[in-house]
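Single-structure report; data block below.
No lab work stands behind these numbers, since they all come straight from the coordinates. Worth saying up front: this structure is predicted, and the values here are computed from it rather than measured. For neighbour counting, all protein chains shown are included, and Cβ atoms are generated from backbone atoms with ideal geometry for every residue, glycine included.
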Amino acid sequence: MAAEDVGGERARERALLQAEKMETIGRLTGAIAQQFSELLGAILTRAAALTQSSPPNRDLDDLKETAQRGAELAHKLLGFSRHKALDLQPLSLTEYVREILDTLRRDLPGNIEIQFEADDVGGVVEADPAEVRQILMNLVTNARDAMPKGGTLHVEVRRARLGAADRPLHAWIEPGSYVSVAVSDTGTGMNAATLARVFEPFFTTKALGVGTGLGMAMVYGLVKQHKGFVHLYSETGQGTTAKVYFPAVYRRMPLEAAEENLPGGSEAILLVEDDPTMRSVAQGLLEKVGYRVLAAMNGEQGLATYRAHRAELHLVLTDVIMPKLSGFQLYESIRRESATIKVLFMSGFPAPNYRKTVGLDAAVAFVTKPWTASELLGRVRLLLESSPR
Ligand SMILES: Nc1ncnc2c1ncn2[C@@H]1O[C@H](COP(=O)(O)OP(=O)(O)OP(=O)(O)O)[C@@H](O)[C@H]1O
Ligand SMILES: [Mg+2]
């Protein structure tokens, strides 16, 4: 079995286990929340009746308030466990997300810079506007909490096509057209232990009273209910990207069609990526559509490979955050030796210093991780075909 198949197989197994776990937790939570919701409803009704028939009473007011808080908690849990009916309608995500972001802006501290990017033609999805707002709010709140000293919040709306080629990085997807909303921050990031549990209800690393640990559980449940899925990418100390995929309206597309549409070429590409799964998936994908790929597992090796093969290379595809020699440093070294080679950065985070580093270099582009096959290959083709400087 080829390396990328093994990597992909493992990723699929992990995703399946994760999905099964969430399914079980969801069913259990849903059943409990349903019962509690009814009990609290009964308590609130009785309390309301008592208020009507008796003189003002502080204890009674407190009781009502407590029951109300309990009802809200149960409501959130129902959102997670998908026991809630959605009010689905065609929604143009680009406009809607921009609108929500404008209202959320006011609640964010001034030391957080907000960036918004979207495709020119917005994608239409079938979604419940109130729930989309809830999803976005939870993600933005987490991003804010992860950046206590400030940073950059980057929100991106893109149309995306997912096919079998995306399985290794997006296990268990239904092939088709989607619209993705990515919320990235330059905050604390998550370690592997946190990442593994982040969707569990009541899982929180925040102080008592600050977080209830329901934000991501709700995101998971609500996204699932929209027949979408959510993908997290995070590096400790660097930041996090949460990418939510909503199925586009008219998304039915045979798998083969999605595969055929992947743009390829025969140029030689230097691939520099320290994450072995990402590297093997990217390599497998690029080779499948005809490119010749030289892979390097870090910046230093990337530079050495570049120097040994510079005459034949057309493009460098590099990760940004790597130990020792970062993608930006690699770029700077390579630029000193060649003014024209195209460089495509891939990163999970907004790079505030990106423009500072690359200036007005037109032979440079950027693709957000976790990318889809069509996104990556589209960006590679576009950059290769852009006019030389
Ligand atoms: N963008 C992020 N950056 C870093 N860590 C995150 C991020 N998003 C989530 N987490 C981690 O995942 C945990 C669970 O997130 P979740 O939103 O479910 O709960 P919470 O934020 O702790 O509480 P709540 O959302 O209920 O107020 C967080 O406590 C945090 O450790
Ligand atoms: Mg939260």
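Using 0.36 nm per residue and subtracting the Cα-Cα separation, the extra length available between E332 and A192 on full extension is 47.3 nm. If each residue's Cβ is checked for other Cβ atoms within 10 Å, how do S54, S177 rank with the fewest at the top? Least crowded to most crowded, the residues run S54, S177.
Sequence-distant contacts, meaning Cα pairs under 8 Å at least 6 residues apart, place the relative contact order of the chain at 15 percent. Counting charges near G151 (Lys, Arg +1; Asp, Glu -1) among other residues having Cβ under 11 Å from its Cβ returns a value of 0. Considering only T66, Q89, L78, the residue lying farthest towards the positive end of the dipole of the stretch 1-128 is T66, judged by Cα position with unit charges set on Cβ.
For V179, the amide hydrogen comes within under 5 Å of the amide hydrogens of A160, F246, A248, counting only partners 5 or more places away or on other chains and with H modelled in the peptide plane. Where both bridge residues fall in the chain, DSSP classifies roughly 55% of the beta bridges as antiparallel. Dipole orientation for the chain: of the candidates S374, T277, M322, M322 has the Cα lying most toward the positive pole (charges on Cβ; Lys, Arg +1; Asp, Glu -1). The relative contact order of the stretch 3-80, computed from alpha carbon pairs under 8 Å that lie at least 6 residues apart in sequence, is 42 percent.
Does the stretch 262-385 come out rounded, prolate or oblate, given a ≥ b ≥ c as the square roots of the eigenvalues of its C-alpha gyration tensor, rounded meaning a/c under 1.5 and, failing that, prolate meaning a/b above b/c? In terms of gyration-tensor shape, rounded.
Of the residues Q301, Q329, Q52, the one that moves most in a GNM of the chain with alpha-carbon contacts below 10 Å is Q52.
Think of it as helices only: each DSSP H run of n ≥ 4 in the chain is worth -39500 (n - 2.57), and spread over all residues that comes to -15000 deg cm²/dmol at 222 nm. Scanning residues 5 or more positions from M346 or on other chains, those with amide H under 5 Å from its amide H are T318, D319, V320, V367, with H placed 1.01 Å from N in the peptide plane. Note on the chain: GNM, Cα springs under 10 Å; of G359, G211, G123, the largest mean-square fluctuation is that of G359.
The alpha carbon gyration tensor of the stretch 1-133 gives principal lengths a ≥ b ≥ c with a/c of 1.5 or higher and a/b no greater than b/c, which makes the shape oblate.
Phi angles across the stretch 198-208 convert, under the Karplus curve 6.51 cos²θ - 1.76 cosθ + 1.60 with θ = phi - 60°, into 3J(HN,Hα) values of 4, 8, 5, x, 6, 7, 9, 10, 8, 4, 3 Hz, Gly and Pro given as x. Taking amide H atoms as placed 1.01 Å from N in the peptide plane, the amide H of G151 lies under 5 Å from those of I112, E113, each 5 or more residues away in sequence or on another chain. Arranged from fewest to most other beta-carbon atoms within 10 Å of their beta carbon, L208, L169 become L208, L169. Given springs between every Cα pair under 10 Å in a Gaussian network model of the chain, which of D145, D119, D61 has the largest fluctuation? Looking only at D145, D119, D61, the largest GNM fluctuation is found for D61. Distance check, please: which entries in K64/K243; K324/K356; K76/K243; K64/K149; K21/K64 exceed 31 angstrom between their Cα atoms? From the list (K64/K243; K324/K356; K76/K243; K64/K149; K21/K64), the Cα-Cα distance tops 31 Å for K64/K243; K64/K149; K21/K64.
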